[in-house]
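These notes are about the structure you will find just below.
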Amino acid sequence: MAGDVNLDAMATVHDTLVLEGPDGVGKSTLAERLSAQHGFQVIHSPRTPDHLDLATRYRGILDRAGRILFDRCFVSELVYGPLHRGRSRITWSDALDLAERVIDRAGLFVHLTAAPPVIRRRLLDRDGEAAGLEEVTALVTAYQRVFSTLADYTKVLTLDTTAGELPSAG
């Protein structure tokens with residue numbers, strides 16, 4: 001991980017943070033820390049039922065006042081949708097519109113990643129079960145592709161949590 005990243009400074013200049021990456025990279029841990037120290041309202045986005053319009057849901061959240069920190073959001077649909085259902089329920093057009101809304105809220109996308117064997121071990125330790133190494137690798141690769149595309153439109157901060165420690169938020 002980039003040890004020189006000052007998350008405290010980052011959190012003071014951004015009103016919206018989007019923490020994204022595969023399960024087991026530290027999104028929730030970092031979200032809790034940043035929320036406690038900087039007053040973000042944490043929005044954890046679990047799987048959304050198929051009949052709900054994801055883009056409309058996220059537009060509504062982004063229209064709220066106050067500081068928001070997403071612990072997973074529409075970006076995950078661009079990764080998990082194609083891998084698990086063969087398609088994403090959110091279009092790239094919608095994703096870029098939502099990314100623009102994040103930017104308009106003084107937002108920043110934070111891509112958390114780690115080596116696939118490390119992610120798999122964390123999931124086994126935390127949950128007692130985990131996807132196979134091949135699936136975890138596919139998720140890490142898919143997130144890299146999605147964030148590579150998003151980086152053409154907005155700033156993306158990538159933090160590698162392989163070493164096991166998130167940078168200090170204070």
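Collect the residues in the range 106-134 that are farther than 18 Å from Thr162 by Cβ and in a helix (DSSP H, G or I), keeping them in residue-number order.
Going residue by residue through the range 106-134, those that are farther than 18 Å from Thr162 by Cβ are 106-109, 127-129, 132, 134.
Once the filter is applied, which keeps residues that are farther than 18 Å from Thr162 by Cβ and in a helix (DSSP H, G or I), the range 106-134 yields Asp127, Glu134.
Would you check which residues across the range 132-154 are touching a helix residue (DSSP H, G or I) at 6+ places or on another chain (Cβ under 7 Å) and either free of Cβ contacts under 8 Å to residues at least 40 places away in the same chain or acidic (Asp, Glu) (or both) and list them?
If we filter the range 132-154 for residues that are touching a helix residue (DSSP H, G or I) at 6+ places or on another chain (Cβ under 7 Å), which is where we start, we get 133, 136-140, 142-143, 146, 150, 153-154.
Correct list: Leu133, Thr137.
Looking at the range 143-151, can you tell me whether even one residue there is in a helix (DSSP H, G or I), more than 22 Å from Thr16 (Cα to Cα) and among the charged types (D, E, K, R)? Give the derivation first.
Pass one, the range 143-151, residues in a helix (DSSP H, G or I): 143-150.
Filter again for more than 22 Å from Thr16 (Cα to Cα), leaving 145.
If we keep only those that are among the charged types (D, E, K, R) as well, we get 145.
Scanning the range 143-151, I find at least one residue that is in a helix (DSSP H, G or I), more than 22 Å from Thr16 (Cα to Cα) and among the charged types (D, E, K, R), so the answer is yes.
Here is a yes/no grid of residues against (1) closer than 16 Å to Asp23 by Cβ; (2) acidic (Asp, Glu); (3) touching a strand residue (DSSP E or B) at 6+ places or on another chain (Cβ under 6 Å):
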residue	(1), (2), (3)
His44	yes, no, yes
Pro49	no, no, no
Arg64	no, no, no
Phe74	no, no, no
Leu78	yes, no, no
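Being part of a helix (DSSP H, G or I) and either at positive phi or hydrophobic (A, V, I, L, M, F, W, C) (or both) is the filter here, so list the residues in the range 59-87 that pass it. Quick ask: steps written out before the conclusion?
Narrowing the range 59-87 to residues part of a helix (DSSP H, G or I): 59-62, 74-85.
The answer is Ile61, Leu62, Phe74, Val75, Leu78, Val79, Leu83.
Only the coordinates and a few stated rules stand behind these numbers; no lab work does. Computed from a predicted model, the values in this text were never measured in an experiment. No Cβ is skipped: glycine too gets one built from the backbone with ideal geometry, and neighbour counts run over all protein chains shown.
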